[in-house]
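The values are calculated or read from the model by the stated rules, or taken from the named source; none is laboratory data. Since we're looking at a predicted model, the values are computed, not measured. Cβ coordinates were reconstructed from backbone atoms using ideal geometry, including for glycine residues, and neighbour counts include every protein chain displayed. Note: areas computed on protein heavy atoms with side chains; ligands, DNA, RNA excluded. Shrake-Rupley method; radii C 1.70, N 1.55, O 1.52, S 1.80 Å.
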Amino acid sequence: MISDKLNAALNGQINAELYSSYLYVSMSAWFSARSLPGFANWMRCQAQEELFHATKMFDYLNERGGTVALEAIAKPDNTWDSPLAVLEQVARHEAHVTQLINDLINCALDERDHASNIFLQWYVTEQVEEEASVGEALNKLKMIGKDSAGMFAMDLEMGKRIFTPPVAA
Ligand code: OFO
């Protein structure tokens, strides 16, 4: 059985993951409207990944006999000045989510819930990947600057991303 405090914290994180998905869908729409289908695809995959993060936690909470209580999802931004501004927000957002995961693990440890600590380690690893992947995209975008040929090539590359749910989730 999971403690009330950790149950509430996990529900908070499910909401944060769903918000992340919502934010990335909004970013995908922004890129689609600017004829950058590759970037739009990358954001759509990112959104699917976040939905996976949310449902994985949802399933875990149920499995532990907790109570899933969904809250309203905040309205995501939908205006940015440039592709660089979008990716900078993704980088800031992922750093914030990493902090949320760390706080959640601290809560699990405070509650002496070792199963939850083990479960949450998956998210720690996932955040390392997430921050690295957006960091790489951000660096490339900075190198490209205002070069339209470079932008075209990067859009093609971003279009190759596919979302594959982890097998042993
Ligand atoms: Fe769920 O990792 Fe991004 O936010």
Original post:
Is there any pair with a first residue in region 85-107 that is within 18 Å of Phe39 (Cβ to Cβ) and of a type in the set (D, E, K, R) and a second that is assigned to a helix (DSSP H, G or I) and within 10 Å of the ligand (Cβ to nearest atom) whose Cβ atoms are under 8 Å apart and which are 6 or more apart or on different chains, and what are they?
Top reply: Glu94/Gln127; Glu94/Glu130; Glu94/Glu131; Glu94/Val134
Subject >> Counted residues, region 129-148 - those being within 16 Å of the ligand (Cβ to nearest atom) and in contact (Cβ under 8 Å) with a residue 12 or more places away in the chain >> reply: 6
Subject >> Extreme residue, farthest from Leu100 (Cα to Cα), among residues of region 125-168 that are modelled with pLDDT under 95 and under 16 Å from the mean Cα position of the chain (by Cα) >> reply: Thr164
Original post:
Is it fair to say Ile2 is under 21 Å from Glu94 (Cα atoms) and in contact (Cβ under 8 Å) with a residue 40 or more places away in the chain?
Top reply: no
**OP:** Check whether at least one residue in region 20-30 is open to solvent by 30 Å² or more (accessible area, probe 1.4 Å), within 16 Å of the ligand (Cβ to nearest atom), of a type in the set (A, V, I, L, M, F, W, C) and touching an Asp or Glu at 6+ places or on another chain (Cβ under 8 Å), and report yes or no.
**Re:** no
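Just checking, how many residues over region 50-81 are within 16 Å of the ligand (Cβ to nearest atom) and of a type in the set (A, V, I, L, M)?
The first filter runs over region 50-81 and keeps only residues within 16 Å of the ligand (Cβ to nearest atom), leaving 50-61, 73-74, 76-77.
This time we only want the ones that are of a type in the set (A, V, I, L, M), so: 51, 54, 57, 61, 73-74.
Within region 50-81, residues that are within 16 Å of the ligand (Cβ to nearest atom) and of a type in the set (A, V, I, L, M) number 6.
Given the criteria open to solvent by 20 Å² or more (accessible area, probe 1.4 Å) and within 14 Å of the ligand (Cβ to nearest atom), does Ala47 qualify? Quick ask: steps written out before the conclusion?
Values: open to solvent by 20 Å² or more (accessible area, probe 1.4 Å): no; within 14 Å of the ligand (Cβ to nearest atom): yes.
Criteria not met by Ala47.
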Subject >> Single unsatisfied condition, Asn7 versus (1) away from the ligand (no atom under 16 Å from the Cβ); (2) out of contact with any Phe, Trp or Tyr (no Cβ under 7 Å at 6 or more places or on another chain); (3) open to solvent by less than 10 Å² (accessible area, probe 1.4 Å) >> reply: (3)
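Which one of these is closer than 22 Å to Trp122 by Cβ and among the hydrophobic types (A, V, I, L, M, F, W, C): Ala85, Ala47? Spell out the reasoning first.
Numbers: Ala85 fails: closer than 22 Å to Trp122 by Cβ.
Going through Ala85, Ala47 in turn, just one is closer than 22 Å to Trp122 by Cβ and among the hydrophobic types (A, V, I, L, M, F, W, C): Ala47.
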